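The values are calculated or read from the model by the stated rules, or taken from the named source; none is laboratory data. Remember, predicted model here, so these are calculated numbers, not experimental data. Note that each Cβ is placed from the backbone with ideal geometry, even for glycine, and that neighbours are counted across all protein chains shown.
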């Protein structure tokens, strides 16, 4: 495959040219020369951009993603870092699931007013303390779906 200019890389990857220039500035990708005023890239840059996109989707910072590349450009993904990120995502999923369940309870609660619902009041206290994610697990509906 022939070298790709920045416009072609942007088109194929879906990454704007401005972001490609920023990634190059950060050392995440490297151009191999120029054709006129346009940067040229090796076709392998598309795979590298896919890895960057996957890392961003998983919640890695650009600095963390940079650590996934050796100085020679090869990938060197730290498996412990992946495991730690997976565990972080598991925690986030649990917190968001508990929050979702709390919202569903609030939507279906038979109390005349949300402010009369003890479960909803616990949710409010958790939100006020900044611990909604950690505390909402305690606010799930008891068996039978009745408000306590």
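Annotations for the structure displayed:
- Test for residue 49: is it in a loop (DSSP other than H, G, I, E, B), within 30 Å of residue 91 (Cα to Cα) and touching a residue at least 24 places away in the same chain (Cβ under 8 Å): no
- Taking the conditions (1) without any contact (Cβ under 8 Å) to a residue 12 or more places away in the chain; (2) farther than 30 Å from residue 127 by Cα; (3) assigned to a helix (DSSP H, G or I) in turn, residue 71 satisfies each one other than (3).
- The selection criterion, being under 30 Å from residue 126 (Cβ atoms), exposed (fewer than 14 other Cβ atoms within 10 Å of the Cβ) and modelled with pLDDT of 90 or more, holds for residue 84.
- Test: residue in region 59-68 that is outside any helix (DSSP H, G or I), in contact with a strand residue (DSSP E or B) (Cβ under 8 Å, 6 or more places away or on another chain) and surrounded by fewer than 16 Cβ atoms within 10 Å (Cβ to Cβ): no
- A search for C-beta distances below 8 Å between a residue of region 11-23 that is exposed (fewer than 15 other Cβ atoms within 10 Å of the Cβ) and any residue that is in a loop (DSSP other than H, G, I, E, B), counting only pairs 6+ apart in sequence or on different chains, returns nothing.
- Condition check for residue 121: more than 30 Å from residue 58 (Cα to Cα), in a helix (DSSP H, G or I), at pLDDT 80 or above and more than 23 Å from the chain's Cα centre (by Cα): yes
- Of the criteria (1) without any contact (Cβ under 8 Å) to a residue 24 or more places away in the chain; (2) more than 17 Å from residue 56 (Cα to Cα); (3) under 24 Å from the mean Cα position of the chain (by Cα), which one residue 34 fails: (3)
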